[in-house]
Every structure is written in structure tokens, then in C-alpha cells.
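Right, one structure below, let's go through it.
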Amino acid sequence: MDELSRNFINRYQGGFPIEEQPFARVAADLGCDSASLMSMIRELLDDGELSRFGPLYDASSMGGSLTLAAMSVPQDRFDEVAGQVNEMPEVAHNYQREHEFNMWFVIATETPELLQQTITRIEQASNLPVYNFPKLQTFYLGLWLMLDEEDQITTQPIPGPLKQGGMIIDELDRCIVQATQEGLALQTAPYTEVAGTCGCDTQTVIQRMQRMLDRGVIRRIGAIPNHYRLGLRSNGMSVWNVDDAKLPVLGARVGRLEFVSHCYERPRHLPLWPYNLFAMVHGHDRDEVIAKVDQISDLLGTSSKQHEVLFSTRILKKTGLRLVA
């Protein structure tokens, strides 16, 4: 990877400007011109080093619902059921994992009612139960990847606090979300293109997107690296049965570990699922992930009665939030 690409990824996984000509600002910061910058981003997207480029939206912060769901799918039906799940536009991510619960997917909807309807549709289509694991408490969310001159990758926490709050979006906000949910246009004035799509002026788009960013509806704007392609080829969803009384303190400690990208309290489903703490761990290989999980185990000590690590074996779908037209 060349120096420009590396610097862009290291600096702009968030913080991409919301202004009339944002690429000019970023190009000046990186010591190049706007055309070279946009061409480089296009190459990173085409080559798969970036999963996408643009705003990351949080459905729950705009009055909608977001949940993690799981299924136990017979191996001889796995691809069939994966297709049924993936065709739902409300399903943002879907992974195959090593466990009896072998399919895990994220559902993002505009209303709580639509979320339950989506679960029901999946159950009816597959004739299999869906286990719902909504987040009860967020301890940490975010992972910033850093590349050195040899393109070796390390992780660090997302800069700044996790934004909370949210807002109810109106029709213009909704149009802006729909116009940018697949990414920002690689052109000199991308927010002007959004304004044309939504029938308003550029400054209105800029003001609306800044407000959504301030209120946590937009988590961040920038490059979304493909950590598999860049070298973090193993990830394990570590799950822990933690003493409920100690969970708020211990969950926050786990969330502060630099290699944890997501850390939540989620409900148990007894007797099948005794775990209430979920922590996503990334590494270059399986052994590295296991070593990091051992660090979590040491931190939790006897406060965790048992744990498992569900390794991802296949990405079945990865699109992010999609508001249905």
C-alpha cells in the first residue's frame, strides 16, 4: 500500500469533514490534490481494502431498533437459510460461526415493530427459531486500525467518547440517510449531490448531517477498512457468564481493552445460552485471538462462571444499515 493510502486509512476512519468541498480539505491535510485522493479511495474500494466510504448510521439512535440474532441451522440447509436471511433488507450483517448457534446476524429497522416482523418472517421462511439478543448496555463500540510502513496492522480505540442521545428523524433526514447509506459520492461536492437528490440546498444537508453526527445517529464518517483484507483475518465473539451484580464494572473494563471492538450486555436464553457479556476480539490469526481472550479471562477472574469463543468462518452478508424506500 502506498503512503497516501496508508495515511488516509490511518487518519480518516472518522472525522471526514461535513462541508461543501470536503475532499479539498482532506487532500490538503494529506499533501495531495482532490482528484488523486478520490481516485485512491476508489481504488481502495475496488480492491477491497475498504468495505465502504461514508457515514456509519446507528438505527437505534434514530428511533429505530437494532439487534443481534442467532440461529442453529442444519448443515445441509445452511446455504438455503443464509439466502433467506440475506434477502431481507433489514439484515445488515450475517456471519457463520463455529457453534451450535452457527448463524449470527444483525437486524436494523426503523421501528421496534418492524424488527419483530423481520424476525417472524425469517422464522416462517426457514421454519427455524430465531434467538434475539438485543443490547441491554453498551460498554464499548468501535475499532480504529493503524497500518505501519510495512503494512502491519494494529488496533486502537476510536478517538473520543461514544456519542449518546439520538433523535427522531424527519422525512428530509430520512432522504439524506437513504442517499448516503451506501456511501458518499467520490466527487468534489458530495453533499451537493445529496442535496439534489433530496430537493434541498447544500447547506441544509450539511447542517442536517452535522446534527445527526452530534446526536449519535451518525457514528462516524470516513473510511471503513476491510480488516480481513488488511491482515486481521481472525475474529472471535467471546461470550461470558458474568455475575450480574458485577457486570457494569467488569463490562466497562473489558470494553477498554484495545483489541475489543464491540462490548455489550445482552440477555441470556436459558438453558441453551447462559452468557450475558459479549466482547468481539480481533487478531491476525486464531492463536492471537485466543491469547487475547485469555487476557479477558484473567481480568474477569472468578466473576465469570464460564465462557466460549465463537470464531467467524464465513462472511455471509455485510452492508450496514439500509432504510427501505
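FYI, it's all coordinate maths here, none of it is from the lab. These figures come from a predicted structure and were not determined experimentally. Using ideal geometry, Cβ is built from the backbone for each residue, glycine included, and neighbour counts are taken over all protein chains shown.
What ranking of 58, 298 emerges when the number of other C-beta atoms within 10 Å of each C-beta is taken as an exposure proxy, fewest first? Let's see the in-between values first.
Values: 58 19, 298 8.
The most exposed by this proxy come first: 298, 58.
How big is segment 77-137 along each principal axis, measuring the range of its Cα positions in Å and listing the largest first?
So the extents along the principal axes, rounded to whole Å, are 30, 26, 18.
Roughly speaking, what is the stretch gain from residue 137 to residue 249, that is 0.36 nm per residue apart minus the C-alpha to C-alpha distance, in nm to one decimal? Walk me through the intermediate numbers first.
Details: separation 112, 0.36 × 112 = 40.32 nm, distance 1.17 nm.
Once the chain is fully extended between residue 137 and residue 249, it gains 39.2 nm.
Arrange the following residues from fewest to most other Cβ atoms within 10 Å of their Cβ: 77, 52.
Working: 77 13, 52 18.
Ranking 77, 52 by Cβ neighbours within 10 Å, fewest first, gives 77, 52.
What nm distance separates the two modelled labels at residue 100 and residue 302, each placed 7 Å from Cα along Cα→Cβ?
Modelled inter-label distance: 2.9 nm.
Considering the alpha-carbon set of segment 39-165 alone, what are its Rg and its Dmax in angstrom?
17.4, 51
For the charge dipole of the chain, defined by +1 on Lys and Arg C-beta atoms and -1 on Asp and Glu C-beta atoms about the Cα centroid, which residue among 197, 39, 269 has the Cα displaced farthest towards the positive pole?
Among 197, 39, 269, the one farthest towards the positive end of the dipole of the chain is 269.
Testing the spin-label approximation: label points 7 Å from Cα along Cα→Cβ at residue 86 and residue 269. State their distance in nm.
Roughly 2.2 nm, to one decimal.
Cα centroid distance between segment 50-119 and segment 6-37, in Å?
Cα centroid of segment 50-119 versus Cα centroid of segment 6-37: 32 Å apart.
Per-residue ellipticity at 222 nm for the chain, helices alone: DSSP H runs ≥ 4 residues times -39500 (n - 2.57), over residue total, nearest 500 deg cm²/dmol? Mind dumping the intermediate values first?
Numbers: 11 runs with 116 residues, N = 325.
Helix contribution divided over all residues of the chain: -10500 deg cm²/dmol.
Let me check I have the definition right: for segment 192-269, take the eigenvalues of the Cα gyration tensor, multiply each by 5, take square roots. What are those semi-axes in whole Å, largest first? The partial results should precede the final answer.
Working: eigenvalues 272, 73, 23 Å².
Listed largest to smallest, the semi-axes of segment 192-269 are 37, 19, 11 Å.
If you bin every alpha carbon distance in the chain into 10 Å steps from zero, what whole percent lands in each bin?
The distribution over the chain is 5, 24, 33, 26, 10, 1, given as percents.
Among 144, 104, 240, which comes first, then next, by fewest other beta-carbon atoms within 10 Å? List each step's numbers first, then the result.
Working: 144 18, 104 21, 240 24.
So the residues, fewest neighbours to most, are 144, 104, 240.
Can you figure out the FRET efficiency of residue 123 with residue 313, using R₀ = 22 Å and their beta-carbon distance, to the nearest 0.05?
The formula returns an efficiency of 0.40 here.
Starting from the Cα of residue 42, step 7 Å along the direction of its Cβ; do the same at residue 214; then give the gap between the two resulting points in nm.
Distance between label points: 3.5 nm.
What's the extension gain from residue 114 to residue 150 if we count 0.36 nm per residue and subtract their Cα-Cα distance? Intermediate values should be presented prior to the final figure.
Numbers: separation 36, 0.36 × 36 = 12.96 nm, distance 4.63 nm.
Value of the extension gain: 8.3 nm.
Mind listing the Cα extents of segment 195-322 along all three principal axes, in Å, largest one first?
Extents along the principal axes: 58, 35, 27 Å.
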